[in-house]
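Here's the structure we're looking at; comments come further down.
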Ligand code: UDP
């Protein structure tokens, strides 16, 4: 019934500073997704560089690392059917100028470097990013009471 696919989601420092954490979590909850783990933390320099390692050679990398460390973030493991592409669709395009209204970035962001939220782009990235931010013991196993009404 309830699928065990997982993704990693992070409300970035701009989302926390702008008071958007509750709104964003609500969107995932209302969609029917399960929050399996969640914490607020300030990302270290080392973790920021590991997280965004694929962008190490890009011109925006120093700015991105500096920004991601600049205040607390809220990291989450989110579970549900088809969750990786589903959550990416809920985020909208990387550049908010191209994000459709109704998406998180399309509703709350203006600039690529201040696009409020991160989510894994593939199941492999999800696995890697979850393990960067969470120990296995921090991820809860439970059922939502409405799962029989969410899954056929
Ligand atoms: N980014 C940026 N400038 C760029 C491209 C990306 O500041 O020209 C930032 C942006 O915050 C983005 C993050 O780097 O969310 C990671 O880029 P990616 O292409 O992986 O986009 P995402 O997966 O976050 O949509």
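Read the figures in this text as sums done on the coordinates, not as results from a lab. These figures come from a predicted structure and were not determined experimentally. No Cβ is skipped: glycine too gets one built from the backbone with ideal geometry, and neighbour counts run over all protein chains shown.
Computed from Cα atoms, the angle from the helix 21-31 axis to the main principal axis of the chain rounds to 40 degrees.
In the chain, the longest principal axis of the Cα atoms and the axis of helix 123-133 are about 70 degrees apart. Between 59, 101, 13, the Gaussian network model of the chain with springs among Cα atoms under 10 angstrom shows the greatest mean-square fluctuation at 59.
Over the Cα atoms of the chain, each weighted equally, I'd like the Debye log10 I(q)/I(0) at q = 0.21 Å⁻¹, rounded to two decimals. The calculated log intensity ratios at q = 0.21 Å⁻¹ are -1.51.
Where does the chain land at 222 nm, in deg cm²/dmol rounded to the nearest 500, when only DSSP H runs of n ≥ 4 count, each adding -39500 (n - 2.57), divided by all residues? Calculated from helices alone, the mean residue ellipticity at 222 nm is -10000 deg cm²/dmol. Cβ crowding within 10 Å ranks 68, 104, 139 as 139, 68, 104, fewest other Cβ atoms first.
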